[in-house]
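Note sheet for the following structure.
Readers should treat all values here as calculations from the given coordinates under stated rules, not as data from a laboratory. Remember, predicted model here, so these are calculated numbers, not experimental data. FYI the Cβ positions are ideal-geometry reconstructions off the backbone, even for glycines, and counts take in every protein chain you see.
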Amino acid sequence: MSIAAGIDIGNSTTEVVIARLASGRVSVLGAAAARTRRTKGSPESLDGAESLVRRLERQHGVTVTLASAAPLRRVETSAVVLP
């Protein structure tokens, strides 16, 4: 049995799901989301994702042994106000 984390760091939010993998089955234990810290792909955004994983571990009394993250491409977005 393994506990896996799926991680998606987006431009505005970061989502994490943890699941138990056993005998070819996946059982979702929990999920969490938070605002992405600083710029997507920055060290701060990775720290934020780790914090979500650790929070879920504590809430569910497990330790993540595998992790997979969506491809991470550093992106900076901005807004323009039109007249």
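Check which residues have an amide H placed less than 5 Å from Gly10's amide H, if you skip close sequence neighbours.
Those lying under 5 Å, H to H, from Gly10 are Glu15.
Could you derive backbone 3J(HN,Hα) for the range 11-20 from the dihedral phi with the Karplus parameters 6.51, -1.76 and 1.60 (θ = phi - 60°), listing whole Hz in sequence and x where the residue is Gly or Pro?
So the J values, rounded to whole Hz, are 5, 10, 10, 10, 10, 9, 10, 10, 8, 8.
Can you show me the helix-derived [θ] at 222 nm for the chain, built from DSSP H runs with n ≥ 4 at -39,500 (n - 2.57) apiece and divided by the number of residues, rounded to the nearest 500.
Counting only the DSSP helices, I get -7500 deg cm²/dmol.
I'd like the trypsin sites (Lys or Arg not before Pro) in the range 1-52 restricted to DSSP loop residues with at most 14 other Cβ atoms within 10 Å, sorted by number.
Loop-located and lightly packed - Arg38.
What angle do you read, to the nearest 10 degrees and between 0 and 90, between the alpha-carbon axis of helix 43-60 and the longest principal axis of the chain?
Its long axis makes an angle of about 30 degrees.
Can you tell me, using C-alpha contacts under 8 Å and at least 6 residues apart, the relative contact order of the chain as a whole percent?
35 percent
Along the three principal axes, how long is the range 1-65 when you take its alpha carbons, biggest first, rounded to the nearest angstrom?
38, 20, 15
Under a Cβ-only charge scheme (Lys and Arg +1, Asp and Glu -1), can you give me the dipole magnitude of the chain about the Cα centre, in debye to the nearest 20?
Around 80 debye, computed over the chain.
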